[in-house]
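Trainee: One structure coming up, written as structure tokens, with questions to follow.
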There are 2 protein chains.
Amino acid sequence: MEHHLDPRFLLALAAALVAAKLLGELSERLGQPAVLGELLAGVLLGPSVLGLVPLSGGIFLLAEIGVILLLFEVGLETDLRSFARLGASALTVAVVGVVTPFALGFLAVRIFSIGGGSTELALFMGAAMTATSVGITARVFADLRRLHTDEAKTIIGAAVIDDVLGLIILGVVAAVLGGDGEFSAGTLLIITAKAVGFLVVVVAVGHVLAPYFFRFVRFLKVEGSFVVGSFVFAIAVGLAAEHFAGLEPIVGAFAAGLVAGQTSFADRIEAELRPISFLFVPIFFLFIGSRVDVVALSDPQVLLAGGIISFLAIVGKLVAGLGVLSKGVSRRVVGVGMVPRGEVGLIFAALGAGELSAVVGAGENAIVVLMVVVTTLLAPLILNRMLRNEPLDDERAAEDRTVVSMGKILDSPVIGSAEQDASKRDATED
Amino acid sequence: MEHHLDPRFLLALAAALVAAKLLGELSERLGQPAVLGELLAGVLLGPSVLGLVPLSGGIFLLAEIGVILLLFEVGLETDLRSFARLGASALTVAVVGVVTPFALGFLAVRIFSIGGGSTELALFMGAAMTATSVGITARVFADLRRLHTDEAKTIIGAAVIDDVLGLIILGVVAAVLGGDGEFSAGTLLIITAKAVGFLVVVVAVGHVLAPYFFRFVRFLKVEGSFVVGSFVFAIAVGLAAEHFAGLEPIVGAFAAGLVAGQTSFADRIEAELRPISFLFVPIFFLFIGSRVDVVALSDPQVLLAGGIISFLAIVGKLVAGLGVLSKGVSRRVVGVGMVPRGEVGLIFAALGAGELSAVVGAGENAIVVLMVVVTTLLAPLILNRMLRNEPLDDERAAEDRTVVSMGKILDSPVIGSAEQDASKRDATED
């Protein structure tokens, strides 16, 4: 009865889940974060290696849901106050982490005449190098049970700020290169004000309204209202972020998580969404991995230029680590944590392959993809080495283990000396 | 950053979930099964009424996952022995429930000259009327907390047998009307043998191998392995059913559930999959509702013929209730429970709109859709009235409530007098 459904989608989904779990398991057994295995599963299953599985279409939609759920859970576990405490560091790290890679990328294209060395391409390459993947970093720290650290909090904060900065850069680049002409300091100010304003309004208004929403869905008699309500809450705020502020939905989902995390329903939301995340989140990382075009990378010219750009992309973010202002926060760890470009870098690659294809050739776009992949795969490996050599705070790590994991981060509800007690209290409540 | 994702899909998903839950809630508050509200939410959101939401594409894929999960859960709760005990009744009900509607539909097209009254159309209409929706019936009985009843078990069994019969009918109709020429008693025998053989092999081999599979996924260290493994198990057997036996994937998923339900992991599988079902299953019912083309039904000719066909479709399945052989099982309840055509009826409508459009005009196809909708919406209403007047076995109903619900059915692990004790034991274990 083949009129009813599309077996290729189900087959792709099943194969993707099996590959993600088996390579994730292998990765963990080798002492690496599971996310590394999921990314490699994507490379393997993707069109350029095995090509076994069509990873576009339906799988892409599930990946989309996955990354939204991931960021919602990250927000859920984030305490606004500890976020504020590390805000200055996060802001400096974000700004340095945008300016440095941009400058390095721009200069590299001009100096080494990459792809002809035009100013337009230099602008595009620089912009593509500014991205930070909050998704990858959050998962790596979660896999390593270090989500409670100030380093993790600083990186997540910087990555969110980076998304707002990325919005501005994307606006500038699209206006300059796309030749829409509509580009002025006033436009930029409006873009920024909308993005920042949206986040402030969501947190402020959400703080008041969210408890009513979750009380309402709990009050409904029909089964599954609570978990479906939580899911819809994350998606709705994500959509609003895109529609009203031009932000990525994942930033909206993160804000939704921040707000939901302040309510007394946080634990229940997290527990009920967990199995759903287990299903969707690996699909996202697998999808990212599948974007790697191994064939385009076989050109030695592309490979050389890609090597240079990747190296500079790593250096640029390591420099960002120097932006850390708070005492006792490792600049090295923060720098490495900012390195992965992940999903955000791929947005630039999609732009290069699409709207800006007049400026960005296939070879140059392959360079961007290589840079995204190298930074995304290297960061978990390096972080793993660095963090393994640091003493593990057993109690806090145990807490990471017991609570969620996948999207869990910034778990301490209060700052300073009360922090330790509060996290103990949380642990016993669970 | 609109290059990254498709907000329409997320918007459609959020709107669909909100509408399904709110109308489901309204339905329950009015004393009706929640599934009725979900179906109506689909009619409302679908293209012919509000048209607010594009319910094809991604939503269809989620609906597909939903019905597979639903049938897997139904299988999980089904005890093979009680299934066997009621097998003779189920077989008779299924056969009578196929022959009677077929005869009535065939004769109606010829006698009333519906759509010209050709023999081909008569064959098609008769065939379309033979379907039984196991999904709708299972949900209705679950919503009414009557999944433990022998009536529910008989209907589910008959619906599964009906799917095998439907396969044969579809093969005949496609061969006769599609004019492939490749049609013989031998072909039919092979189709039947493959379908029955597949189910027997899955249950026999699965009984041995399933415990190893679930022990393996439990043994994996990487998070979410168990729930993802269970999910993949359902999908994989569903795909195998389609690939190797030409069965619908939902029948394979049901068989997978039967097998998994025999293992000691049944409770854990059910608990971990529950939030995922809560998300996907309503999407399926909503999708079914959205297929209603209100505009095509505005033609009085179509409406009259549709009324006749719908009436006969109901009568045909009520007659099937007379096939009940076991004592103490209500023939009326079984008859009404067989009425909804749901997703299986829609497969015929899709065939009529596609491959067989030379034989089946737009008006005649609208008749089929009307018949599917009327039977699907009426059955929950009537069952609700009938079952409310019967005394509720509080203890068993309470068990239905505590365990799952959505896909829970046939919960008794042993037959006869031991049944009550065993279900008590299960309840305390939970």
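The values are calculated or read from the model by the stated rules, or taken from the named source; none is laboratory data. Everything numeric in this text was worked out from a predicted model, so none of it was measured. For neighbour counting, all protein chains shown are included, and Cβ atoms are generated from backbone atoms with ideal geometry for every residue, glycine included. For accessibility, only protein heavy atoms count, side chains too; no ligands or nucleic acids. Shrake-Rupley method; radii C 1.70, N 1.55, O 1.52, S 1.80 Å.
Trainee: Residues of the range A:309-362 being outside any helix (DSSP H, G or I), under 23 Å from A:Phe124 (Cα atoms), at pLDDT 75 or above and among the charged types (D, E, K, R), which ones?
Mentor: Selection gives A:Arg341 alone.
Trainee: Could you please give the count of residues in the range B:269-285 that are within 19 Å of B:Ala20 (Cβ to Cβ) and facing chain A (nearest Cβ under 9 Å)?
Mentor: Looking only at the range B:269-285, we keep the residues that are within 19 Å of B:Ala20 (Cβ to Cβ), and these are B:273-285.
Still in the list and also facing chain A (nearest Cβ under 9 Å): B:273-279, B:281-282.
The qualifying residues number 9.
Trainee: Let me ask another. Within the set of pairs 6+ apart or on separate chains, which have a first residue in the range A:211-234 that is over 22 Å from B:Ala12 (Cβ atoms) and modelled with pLDDT under 90, a second that is open to solvent by 70 Å² or more (accessible area, probe 1.4 Å) and not in a helix (DSSP H, G or I), and C-beta atoms under 9 Å apart?
Mentor: That search, which allows pairs on different chains as well, returns nothing.
Trainee: Just to check your reading of the model, which residue among A:Gly197, A:Gly157, A:Gly206 is surrounded by fewer than 16 Cβ atoms within 10 Å (Cβ to Cβ) and either at pLDDT below 85 or on the phi < 0 side of the Ramachandran plot (or both)?
Mentor: A:Gly197
Trainee: Return the only residue of B:Gly246, B:Gly261, B:Gly224 being open to solvent by 10 Å² or more (accessible area, probe 1.4 Å), on the phi > 0 side of the Ramachandran plot and touching a Leu at 6+ places or on another chain (Cβ under 7 Å).
Mentor: Values: B:Gly261 fails: on the phi > 0 side of the Ramachandran plot; B:Gly224 fails: touching a Leu at 6+ places or on another chain (Cβ under 7 Å).
Within the list B:Gly246, B:Gly261, B:Gly224, the selection yields B:Gly246.
Trainee: While we're here: Which of the residues belonging to the range A:5-32 are under 30 Å from B:Leu351 (Cβ atoms), charged (D, E, K, R) and either facing chain B (nearest Cβ under 7 Å) or assigned to a loop (DSSP other than H, G, I, E, B) (or both)?
Mentor: Of everything in the range A:5-32, just one residue is under 30 Å from B:Leu351 (Cβ atoms), charged (D, E, K, R) and either facing chain B (nearest Cβ under 7 Å) or assigned to a loop (DSSP other than H, G, I, E, B) (or both), namely A:Asp6.
Trainee: Do you know which of the residues in the range B:271-306 that are open to solvent by 20 Å² or more (accessible area, probe 1.4 Å) and small (Gly, Ala, Ser) is nearest to the chain's Cα centre (by Cα)?
Mentor: B:Ala271
Trainee: Among (1) touching a residue at least 40 places away in the same chain (Cβ under 8 Å); (2) in a helix (DSSP H, G or I); (3) not charged (D, E, K, R), there is one condition B:Gly37 misses while meeting the rest; what is its number?
Mentor: The failed condition is (1).
Trainee: Is it the case that some residue within the range A:108-131 is within 14 Å of the chain's Cα centre (by Cα) and within 19 Å of A:Gly316 (Cβ to Cβ)?
Mentor: Taking every residue of the range A:108-131 in turn, at least one turns out to be within 14 Å of the chain's Cα centre (by Cα) and within 19 Å of A:Gly316 (Cβ to Cβ).
Trainee: Show me the helices (runs of 4 or more DSSP H) found entirely inside the range B:51-126 where at least 3 residues are within 14 Å of chain A (Cβ to nearest Cβ) and either without any contact (Cβ under 8 Å) to a residue 24 or more places away in the chain or surrounded by 24 or more Cβ atoms within 10 Å (Cβ to Cβ) (or both).
Mentor: Ranges flagged: B:58-76.
Trainee: Same structure, new question: What is the number of the single condition among (1) open to solvent by 30 Å² or more (accessible area, probe 1.4 Å); (2) under 21 Å from B:Val98 (Cβ atoms) that B:Val369 does not meet?
Mentor: For B:Val369, the failing item is (1).
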